[in-house]
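Read through the structure below, which is laid out as structure tokens, and then see the notes.
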Amino acid sequence: MDDVSSRSIEGENPRYPPQAKIYAGSAAVSSGIAPFWEVEDATALKIALEVRRDGAVAYDATTTTASFHRPPQGLVDHLWHSQPFPDGAVLSTGTGFVPGLDFTLRGGDVVEITVDGVGKLSNPVRGDQAELDWLVEAIDHPLTRRAHRAGASGGR
């Protein structure tokens, strides 16, 4: 999962972190999800972030799940203890990647997150909020997603 915070929202007020996570395009979930029980050892997975801009690496960083404040199994246990999820759940842990204040994503950037043993998620950054307006329509009309994907991939 690629989970991005809005610095402009977060910067308005230190009490706004939840709002900084809730905007169109703030999170992307891969079409291929590795269930927790299929990950061989979740305690020390390498996580790499790379932001490419105009074909060059504009920002990169790495960390591991071993650096998390709570171990992955503890996060999963807590999630499932709080309420049942009969169809499963996606848990966003955060990674601790915080670029300096002089860095911000731009339209056209490509953000790539790689987790060893899990997979890679690559997402383009949209510079204009209007490019994501179709997501609001998709709430009430789920087939909008299929039509948008077909249009974005040239009908493939």
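The values are calculated or read from the model by the stated rules, or taken from the named source; none is laboratory data. From a predicted model like this one, the values you see are computed outputs, not experimental measurements. Glycine gets a Cβ as well: all are built from the backbone with ideal geometry, and neighbour counts include every protein chain shown. Quick note on the areas: whole protein, heavy atoms, side chains included, nothing else; ligands and nucleic acids left out. Shrake-Rupley method; radii C 1.70, N 1.55, O 1.52, S 1.80 Å.
The table for this structure:
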item: Subset of region 24-38 [surrounded by 13 or more Cβ atoms within 10 Å (Cβ to Cβ) and either closer than 16 Å to Ile113 by Cα or at pLDDT 85 or above (or both)]; result: Gly25, Ser26, Ala27, Ala28, Ser30, Ile33, Ala34
item: Hey, Asp128 of a type in the set (D, E, K, R), over 18 Å from the mean Cα position of the chain (by Cα), closer than 22 Å to Val51 by Cα and open to solvent by 60 Å² or more (accessible area, probe 1.4 Å) or not; result: yes
item: Matching option when the condition is touching a residue at least 12 places away in the same chain (Cβ under 8 Å) and either surrounded by fewer than 12 Cβ atoms within 10 Å (Cβ to Cβ) or not in a loop (DSSP other than H, G, I, E, B) (or both), among Gly100, Gly107; result: Gly107
item: Residue match in region 59-82 (condition: over 17 Å from Ile113 (Cα atoms), open to solvent by 50 Å² or more (accessible area, probe 1.4 Å) and in contact (Cβ under 8 Å) with a residue 24 or more places away in the chain); result: yes
item: Selection status of Ala89, surrounded by 11 or more Cβ atoms within 10 Å (Cβ to Cβ), over 21 Å from the mean Cα position of the chain (by Cα) and free of Cβ contacts under 8 Å to residues at least 12 places away in the same chain; result: no
